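> Below is the structure I would like to discuss, written out as structure tokens.
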Amino acid sequence: MKQAKKLLEEVGIEGDRVEMYNMGASDAPLFAAAVNEMTERARTLGPNPLKKRG
Amino acid sequence: MIVGERKPFDEIKEMVQDHKKIMILGCGTCVAVCMAGGEKEVELLAAQMRLAAKLDGKNVEVMEDTVTRQCDREYIEPILEKARECDAVISMACGVGVQLLSDLIEEIPVYPALNTRFIGTNEVEGVWLERCMMCGDCVLGKTGGICPIAMCAKGLVNGPCGGTNKGKCEVSNEKDCAWTLIYRRLEKQGKLDNIREIFPPKKYGLHVNPIRQVNEAYLHAEMEEHHG
């Protein structure tokens, strides 16, 4: 995951846009928390720079 | 194996900035094993190139391929036609592969994606160590199979020097003292007397670029076949 973030950052895309979470299939609260975190990150970072030019 | 390291992305991007159709060609031998220029690394670089082009609002077509060995004509020839359809090729091979490919498609520029560093071994997963400097005058038979040219920071053929420090080198505590390693190995082989031998200065004249090697027996047999 560290490497994937580095590869993205080399190109000019924030590494924070990608993340890996480990959770069990029955861990609904964990899943919801992860989704909320990623949503928050996306809001802070703004639109995907690739889509802006889309 | 030949150990290479991928260049920084910005350097690669800058080299090919004027090209619109690019082929990224990997090499499936040494640089694939050292995780720098094999099929997987081709995919990663291609993905980065496509993302970067899109970010820059450029229309760049990136093709991917990997051959078994870029230092052999027979392996490159099958992809030449495809390479000629491109404006440029980024080679993920060592410097030898880059040059042979460029010799074969002279009109298309070939850019190196790697820095070719040394020939060495895989120490542990993800770590490589230089083991041979290709001096052309091998002393391994006398030094217990450990090369003092490559492994000693000073390349001393008569060691150890005064900088040996409990098995490490004065240059860095992370480097083993090559001559301590040699001593221990010769001890195991019952050949410690080897270390008393004073080696003459190395024949550095043997390494005059570019070196060409000829197998006379092969050439002779070839000639006989053709001329009876």
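Values in this text are rule-based calculations from the coordinates and carry no lab data. From a predicted model like this one, the values you see are computed outputs, not experimental measurements. Methodologically, a virtual Cβ is constructed for each residue, glycine included, from the backbone with ideal geometry; neighbour enumeration extends over all protein chains shown.
> Quick one: which strands (runs of 3 or more DSSP E) lie wholly within region B:1-93 and hold at least 1 residues that are small (Gly, Ala, Ser)?
Result: B:2-6, B:21-27, B:88-91.
> On to the next question. B:Met23 fails exactly one of the following numbered conditions: (1) within 23 Å of B:Thr116 (Cα to Cα); (2) touching a Gly at 6+ places or on another chain (Cβ under 8 Å); (3) not aromatic (Phe, Trp, Tyr). What is the number of that condition?
(2)
> Given (1) out of contact with any Pro (no Cβ under 8 Å at 6 or more places or on another chain); (2) within 14 Å of chain A (Cβ to nearest Cβ), where does B:Glu39 come up short, assuming only one miss?
(2)
> Looking for something in contact (Cβ under 8 Å) with a residue 40 or more places away in the chain, touching a Lys or Arg at 6+ places or on another chain (Cβ under 8 Å) and within 14 Å of chain A (Cβ to nearest Cβ) - is there at least one such residue anywhere in region B:20-29?
Looking for residues that are in contact (Cβ under 8 Å) with a residue 40 or more places away in the chain, touching a Lys or Arg at 6+ places or on another chain (Cβ under 8 Å) and within 14 Å of chain A (Cβ to nearest Cβ), one finds none in region B:20-29, hence no.
> Let me ask another. Of the conditions (1) in contact with a Cys (Cβ under 8 Å, 6 or more places away or on another chain); (2) within 14 Å of chain A (Cβ to nearest Cβ); (3) charged (D, E, K, R), B:Lys54 fails just one. Which one is it?
Looking at each condition in turn, B:Lys54 falls short on (1).
> Would you be able to say whether some residue in region B:175-194 is surrounded by 13 or more Cβ atoms within 10 Å (Cβ to Cβ) and closer than 30 Å to B:Gly38 by Cβ?
Yes, the conditions are met somewhere in region B:175-194.
> Do you know which of the residues in region B:51-92 that are free of Cβ contacts under 8 Å to residues at least 12 places away in the same chain and of a type in the set (A, V, I, L, M) is surrounded by the most Cβ atoms within 10 Å (Cβ to Cβ)?
Among them, the one singled out is B:Ala53.
> Among the residues of region A:2-44, write down those that are away from every other protein chain (no Cβ under 14 Å) and closer than 27 Å to B:Ile12 by Cα.
A:Asp16, A:Glu19
> Within region A:9-40, can you find the residues that are over 29 Å from B:Arg50 (Cα atoms) and assigned to a helix (DSSP H, G or I)?
Of everything in region A:9-40, those that are over 29 Å from B:Arg50 (Cα atoms) and assigned to a helix (DSSP H, G or I) turn out to be A:Ala28, A:Pro29, A:Leu30, A:Phe31, A:Ala32, A:Ala33, A:Asn36.
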